[in-house]
2 protein chains.
Amino acid sequence: MQLEPQYKELLDTALEGSGQRATKQREHVYALLLQKRDHPTADEIYARARSEMPTISLATVYNCLETLVETKLIRQVNFEREPTRYCPNLTQHAHFYCRESGEIVDIELSDQLIGELMKVLPKGFSAQHIDIAYDGKCNHCHD
Amino acid sequence: MQLEPQYKELLDTALEGSGQRATKQREHVYALLLQKRDHPTADEIYARARSEMPTISLATVYNCLETLVETKLIRQVNFEREPTRYCPNLTQHAHFYCRESGEIVDIELSDQLIGELMKVLPKGFSAQHIDIAYDGKCNHCHD
DNA sequence: AATAATATTTAGAATAATTCCAATTATTGC
DNA sequence: GCAATAATTGGAATTATTCTAAATATTATT
Ligand SMILES: [Mn+2]
Ligand SMILES: [Mn+2]
Ligand SMILES: [Zn+2]
Ligand SMILES: [Zn+2]
């Protein structure tokens, strides 16, 4: 499995911009996230990574993920106190967590809706970020 | 410090409804949460609880909080992977986390706004709960 | 190309919030 | 008051994540 050229480009410039090196571990972790966009945990990424790169360590997976988050190529996604998950979708979106299947789905959010959410803040408050997590039943799990 | 009668009533009926007993530890933890509504962590609650009840244990604080959450008298509030915080405000509200001061403020949400958020879900999805967390600068911390 | 400087990876130890456990203590119903 | 049940307690266990220090890889310099 390999990183498509446009993403390879993205990764290289992001890393260069932050004075970090492009390593095969970083490429591999990034490629895995882009390939199966199911919001895996570090452990899941570790398991997937090992099939093609058996010597990679869990610490490296954490390190790579940290680098990718810092350079804003991916974001962290948290539900309650569950293990952190990772998402390469950089658009403004919320997450829907299906209690039945455990599936996590991206919910795109319009600027308009974000605007409305900003409007309800009391005077003097300014938010740089809004985190929105739904939970319930997804389309596959309905009666 | 003590629990106001209306809340004592609330607690007793909630506990009775779930077949649990009203103990002084549960009352005390609940009273602390109602008194200073700053979304404390279990450790903070433990520290506060000990000044009036020096023999209470951290395990008991966790147990009491769990009971209060189960009986829906309080709710848990999580920011990223920080320690869980606890909130006795039962209205529909989001949380604003000030990066500068660490203050956590309740943001009331109208049914209308929640409705809009529900509307953006794809067909077949139904949410029982939406978790909304802002983060940025609060009114006290502005330049 | 060799060497030095720097960054990354690695395995395993450390950390920290929370949960579990088994013994003691408190509360309830008779 | 006594037996049955539930809650509290201190400490051990768990688990995701971070830290550490040694080994390896990459880049820059001669
Ligand atoms: Mn996502
Ligand atoms: Mn609150
Ligand atoms: Zn589902
Ligand atoms: Zn502030």
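No lab work stands behind these numbers, since they all come straight from the coordinates. Bear in mind the structure is a predicted one, so any value in this text is a computation, not a measurement. Methodologically, a virtual Cβ is constructed for each residue, glycine included, from the backbone with ideal geometry; neighbour enumeration extends over all protein chains shown.
If a paramagnetic tag sat 7 Å from the Cα of A:LYS72 along the Cα-Cβ line, which residues of region A:1-26 would have the backbone N under 17 Å from that point?
Answer for region A:1-26: A:10-20.
Which helices count as membrane-span-like in chain B under these terms: full DSSP H, at least 15 Å along the axis by C-alpha, Kyte-Doolittle mean of 0.0 or more?
For chain B, where a helix must reach 15 Å along its axis and average at least 0.0, the hits are B:58-70.
Please state the relative contact order of region A:75-135 as a whole percent: Cα pairs under 8 Å, 6+ residues apart? Before the final figure, lay out the partial values.
Numbers: 57 pairs, mean separation 18.8, N = 61.
Rounded, it is 31 percent for region A:75-135.
Hey, can you rank A:80-88, A:26-34 by average C-beta count inside 10 Å, highest first? Mind dumping the intermediate values first?
On the way: A:80-88: 15.8, A:26-34: 22.3.
Highest-to-lowest ranking by the protection proxy: A:26-34, A:80-88.
When you look at the Cβ of every residue in A:135-143, what mean number of other chain Cβ atoms sits within 10 Å? Don't skip to the answer; put the middle values down first.
Working: counts 5, 8, 5, 6, 6, 2, 3, 3, 0.
Counting other chains' Cβ atoms within 10 Å and averaging over A:135-143 gives 4.
Place the label 7 angstrom along Cα→C-beta at A:GLU103 and in each other copy, then list the distances from the first to the rest in nm, shortest first.
A:GLU103 label point versus its equivalents elsewhere: 4.3 nm.
Strictly over 22 Å apart at the Cα level, which of A:LYS137/B:LYS123; B:LYS36/B:LYS72; A:LYS72/A:LYS119; B:LYS24/B:LYS72; B:LYS8/B:LYS72; A:LYS72/A:LYS137 would you flag in this model?
Flagged as over cut-off: A:LYS72/A:LYS119; A:LYS72/A:LYS137.
Considering all projection directions equally, how large on average is the shadow of the alpha-carbon convex hull of region B:1-62, in square nanometres?
Values: hull surface 16.7 nm².
Over every viewing direction, the Cα hull of region B:1-62 projects on average to 4.2 nm².
Rounded to the nearest 500, what is the protein assembly as shown's calculated 222 nm mean residue ellipticity when only DSSP H runs of at least 4 contribute -39500 (n - 2.57) each, over all residues? Provide the component values of the computation, followed by the final result.
Numbers: 10 runs with 116 residues, N = 286.
Counting only the DSSP helices, I get -12500 deg cm²/dmol.
What whole-number distance in Å separates the alpha-carbon centres of region B:25-75 and region A:7-75?
Here the two parts' Cα centres lie 41 Å apart.
With the crude spin-label approximation of a point 7 Å out along Cα→Cβ, what separation in nm comes out for A:ASN63 versus A:HIS93?
The answer from the label model is 3.0 nm.
Can you list the residues, at least 5 places off or on another chain, whose amide H is less than 5 Å from the amide H of A:TYR86, using H built in the peptide plane?
Amide H neighbours of A:TYR86, under 5 Å, 5+ apart: A:VAL77.
For the residue pair B:ASP43 and A:THR55, what label-to-label distance in nm results when each label sits 7 Å from Cα along the Cα-to-beta-carbon direction?
Computed distance between label sites B:ASP43 and A:THR55 equals 3.9 nm.
Tell me, for the rotation carrying B onto A, which chain B residue has the beta-carbon closest to the axis and what that distance is in whole Å.
Residue and rounded Å distance to the axis: B:ILE132, 3.
Taking every DSSP beta bridge with both residues inside chain A, roughly what % is antiparallel (nearest 5)?
Values: 9 of 13 bridges.
That works out to approximately 70 percent antiparallel.
What distance in nm lies between label points placed 7 Å from Cα along the C-beta direction at A:LYS24 and A:GLU82?
3.4 nm
Counting pairs of alpha carbon atoms under 8 Å apart in space and at least six apart in sequence, what relative contact order in percent does region A:28-104 give? Please list the in-between numbers first.
On the way: 79 pairs, mean separation 24.6, N = 77.
This gives 32 percent for region A:28-104.
Name the cysteines of chain A that stand alone by the Cβ rule: no other cysteine Cβ under 4.7 angstrom.
Among the cysteines of chain A, those whose Cβ sits 4.7 Å or more from every other are A:CYS64, A:CYS87, A:CYS141.
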